[in-house]
1. By how many degrees, between 0 and 90 and to the nearest 10, does the Cα long axis of helix 161-170 differ from the longest principal axis of the chain?
2. Can you compute the modelled spin-label distance between E156 and D392, with each label point 7 Å from Cα toward Cβ, in nm?
3. Provide the descending list of Cα extents for the stretch 1-84 along its principal axes, expressed in whole angstroms.
4. Quick one: if you take sqrt(5λ) for each eigenvalue of the C-alpha gyration tensor of the stretch 111-240, what semi-axes come out, biggest first, whole angstrom?
5. I want to verify a result. In a Gaussian network model of the chain, Cα cutoff 10 Å, which of these has the top mean-square fluctuation: Q22, Q93, Q168?
6. Starting from the 7 Å offset along Cα-to-Cβ, what nm value, one decimal, do you get for the label separation of E347 and V259?
7. What angle, in degrees between 0 and 90 and rounded to the nearest 10, separates the Cα long axis of helix 361-372 from the longest principal axis of the Cα atoms of the chain?
8. So if we plug the beta-carbon distance of D141 and R372 into 1/(1 + (r/R0)^6) with R0 = 45 Å, what FRET efficiency do we get, rounded to 0.05?
Amino acid sequence: MPQVPVTILNGFLGAGKTTLLQSLLVQARVMPGVRLGVIVNEMGELDIDGAILDTSEVISRRDPRFAAIPAGSISGAQGLEQFARAVDRVISQGAATHVLIETSGSTHPWPLLEAIRAHPALRLHGFLSVVDTVTLAQDHDLGRAILPAASRQLAEGRRGIENLLAEQIMFASRILLSKMDRVCGETLRTVAQAVHPLNPFADIMGMQWGNVRLADVLALPPYDHARVATLGAELTDWDRGRGTASMSGAEGYRLGSIVIADPRPFHPQRLWKVYNHSLGNGIHRSKGFFWLPSRDRLQLLWNQTAGSIGLEIVNYWKIAALEDESLNLLPEERQEMRRRLAGMSPEFGDRRCRLTVIGDRDGLADFADAVRSCFCTPAEVAAWRAGEAFDDPWPASTARLSQR
């Protein structure tokens, strides 16, 4: 049975793995004979990354080449079971010629590497570790604090976020320093110099908006499992000696996730205040779709990593199109739109807010409560219905990105 080449896209929460995946899928459209299979793993219950890919139309979640593994780490026991089924789907049903695996940010590489090595239908070609340059610069002393913190925690008989960051880099065959457009050249060089001792065998490249050539990814050589075998065995022994399973999921790093879901919009001013005053260091990631009464036509993507946030327009709400008489929709188009909206909120249609918040278990609930306090009250919803204006401090200008 011929083996299908696989490439792993790994990295901590919010590093830019989904952006990279989107870029590679867009490039695959114009490469004859290339059928990329995609397996996406998310720590949260909501399949946000799958929905983003669906909305961007680079691949549909109904496509047999696509499989999702939500609500946990692909390196955990349940995740690895789902991984085996996902591989069968994208290879057998989807006829993929190359498989891309986007792991959750809390995924430790070693169990997944072992699962791929043992799978008769797979051959690993490339482990790409996506490293957030901005986060390392701001929160980890330009990357120089990672190794000392990881070593200190191991000496204390425990493992933390820095251990996960370091080991995601150590197992890589190529390291991608993402968001290079948001730091100066000197900062990028300093971060690269700090990361290099963690893995002197891996190439280090700067990356912005996922600008990696798919042809280069497909040409990566087979992964050198022998190089990391000793490290993997040492980590396995560390867990076994303490009766822990720190490589199996987020629990080993005291990470938790909370889903926030409501059909009501966020009040733009209160949401701005929560972002600026309640976003603590322990909130590593929040992501999802939302809407504002001041921009009620737009389906917006909330994309927060550490202390930075990006807002993106991903689509228009279907109910907004139905309510807009200027679009001159045909009767059959209106009927189809109403059919799609059947069963949704009679007040808001398909408009809704759905976010996953990931962070240290201590303080996670407080931040989630602060976000929930931003939902519009019944009086504010009535004001929106009446066409009243809302104070909206969020940026009004937009930038359009294109794939070349």
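1. So the inclination is approximately 60 degrees.
2. 4.5 nm
3. Over the stretch 1-84, Cα extents along the principal axes are 36, 35, 24 Å.
4. Semi-axes from the Cα gyration tensor: 24, 22, 10 Å.
5. Maximum fluctuation in the GNM of the chain, among the listed residues, is at Q93.
6. Between E347 and V259, the simple spin-label model gives 2.1 nm.
7. It works out to around 20 degrees.
8. 0.85
None of the figures in this text is laboratory data; all of them are computed from the coordinates on show. Values in this document were obtained by computation on a predicted structure and should not be read as measured data. Quick reminder, even Gly has a Cβ in these numbers, built from the backbone with ideal geometry, and neighbours come from all protein chains shown.
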